[in-house]
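The values are calculated or read from the model by the stated rules, or taken from the named source; none is laboratory data. Because the structure is a prediction, the values reported are computed rather than measured. When we count neighbours, we look across all protein chains shown, and the Cβ atoms used for this are built from the backbone with ideal geometry, even at glycine. Each accessible area value is taken on the protein alone, full model and side chains, heavy atoms only, with ligands, DNA and RNA left out. Shrake-Rupley method; radii C 1.70, N 1.55, O 1.52, S 1.80 Å.
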Amino acid sequence: MASVALSEAEKVYIMHGVQEDLRVDGRGCEDYRCVEVETDVVSNTSGSARVKLGHTDILVGVKAEMGTPKLEKPNEGYLEFFVDCSANATPDFEGRGGDDLGTEIANTLYRIFNNKSSVDLKTLCISPREHCWVLYVDVLLLECDGNLFDAISIAVKAALFNTRIPRVRVLEDEEGSKDIELSDDPYDCIRLSVENVPCIVTLCKIGCRHVVDATLQEEACSLASLLVSVTSKGVVTCLRKVGKGSLDPESIFEMMETSKRVGKVLHASLQSILHKEESLGPKRQKVGFLG
């Protein structure tokens, strides 16, 4: 994880501000920084999105490829996650420095999407036990300024919303052999429902209070954080504690209630901007660095 060195005086200044519900950048404890979301930014993918949360910059691409269903789930497709921590994001990621963090983030995403209600994987099945769609979700960390998990979960949800999978017909001849025919019409495609896809809300415990969307400086003042996966309806689907410090049960309960409250607002804002951007059509102006 990227880190920043702070003096004891700086830590005390940040902690005292949090106790007064006034953070260094002027936000309250439950306020997010400005979030920029842009979809369809990479041309050779089935879906893509770029998210900037403060100076944290995430790029996600989704590639749909045909594969074979898993033995334990013969009538479902599946998702594969890969996270690349670019050395440009922070010098800490040079060499193999970002491998452990990439694996940690990928494992967290697997846990979140292991819930059957997140994505209807049965829509990805082409022919039970024989063919299915496999969605390869590639996450690239371009810049790191704290709160990676939240930014990545937002970017993944936006990229899945943008994903278009070609419609497939399975043709069977007289001998019983099957042929697969892909539609040539770019508008004849399958769209995933992302309504139940959760977003991560990370709460950092600083002193006696907790904050959402912590910056690198605030993360340096926190000994323990709680990652809460929340759906648009405020349902908690996954919990994970990170950091060396401890959290008492009362704090965990308070943090969960905060995550539900903040998560609902986050989902509503994200869904609104995604639908608004899509309504602009292909002629919308692309403002990202890949536009």
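Taking all protein chains as they are arranged and a probe of 1.4 Å, the heavy atoms of residue 35 leave approximately 50 Å² accessible to solvent. Apolar share of the accessible surface for the chain: 50 percent from carbon plus sulfur atoms, 1.4 Å probe. Contact order, relative form, for the chain: 19 percent (alpha carbon pairs under 8 Å, 6 or more residues apart, mean separation divided by residue count). Close amide H contacts of residue 146 (hydrogens built in the peptide plane, cut-off under 5 Å, sequence separation of 5 or more or a different chain): 216. In segment 8-280, taking the dipole from charged Cβ atoms about the Cα centre, the farthest positive-side position among 237, 177, 105 is held by 237.
Among beta bridges identified by DSSP and lying wholly in segment 24-166, the antiparallel ones come to about 75 percent. Surface listing: 38, 257 arranged by accessible area from highest to lowest gives 257, 38, probe 1.4 Å. Per residue, the accessible area of the chain comes to 52 Å², computed with a 1.4 Å probe over protein heavy atoms only. A dipole drawn for segment 8-280 from +1 and -1 charges on Cβ atoms has a positive end, and of 117, 190, 272 the residue lying farthest that way is 117. A DSSP coil position with no more than 15 other Cβ atoms inside 10 Å describes the following GluC sites (Glu not before Pro) in segment 82-181: 94, 130, 174, 175. Computed about the Cα centre, the dipole magnitude for segment 8-280 is approximately 820 debye when only Lys and Arg (+1) and Asp and Glu (-1) carry charge, each at its Cβ. For residue 126, the residues 5 or more places off, or on other chains, whose built amide H falls under 5 Å of its own are 131, 132, 133. In the chain, helical runs assigned H by DSSP with n ≥ 4 each contribute -39500 (n - 2.57); averaged across all residues and rounded to the nearest 500, the mean residue ellipticity at 222 nm is -9000 deg cm²/dmol. Span-like helix check, the chain: qualifying full DSSP H segments, with Cα axial length of 18 Å or more and mean Kyte-Doolittle of -0.5 or more, are 99-113, 148-162, 249-279. Within the full protein context, the accessible area of residue 111 is estimated at about 130 Å² for a probe radius of 1.4 Å. The figure for residue 66 is an accessible area of roughly 80 square angstrom, using a 1.4 Å probe on the protein chains alone. Computed about its Cα centre, the charge dipole of segment 176-261 is approximately 580 debye, with only Lys, Arg, Asp and Glu carrying charge at their Cβ. Annotation for segment 1-58 versus segment 123-200: alpha-carbon center distance of 29 Å. Cross-link partners for residue 63 among the lysines, with Cα-Cα distance under 30 Å and sequence neighbours closer than 8 places in the same chain left out: 52, 73, 116, 122, 157, 178, 233, 264, 276, 283, 286. Taking amide H as placed 1.01 Å from N in the peptide plane, residue 89 has no amide H partner under 5 Å among residues 5 or more places away or on another chain. Centre-to-centre, using Cα atoms only, segment 225-242 and segment 246-283 are separated by 11 Å.
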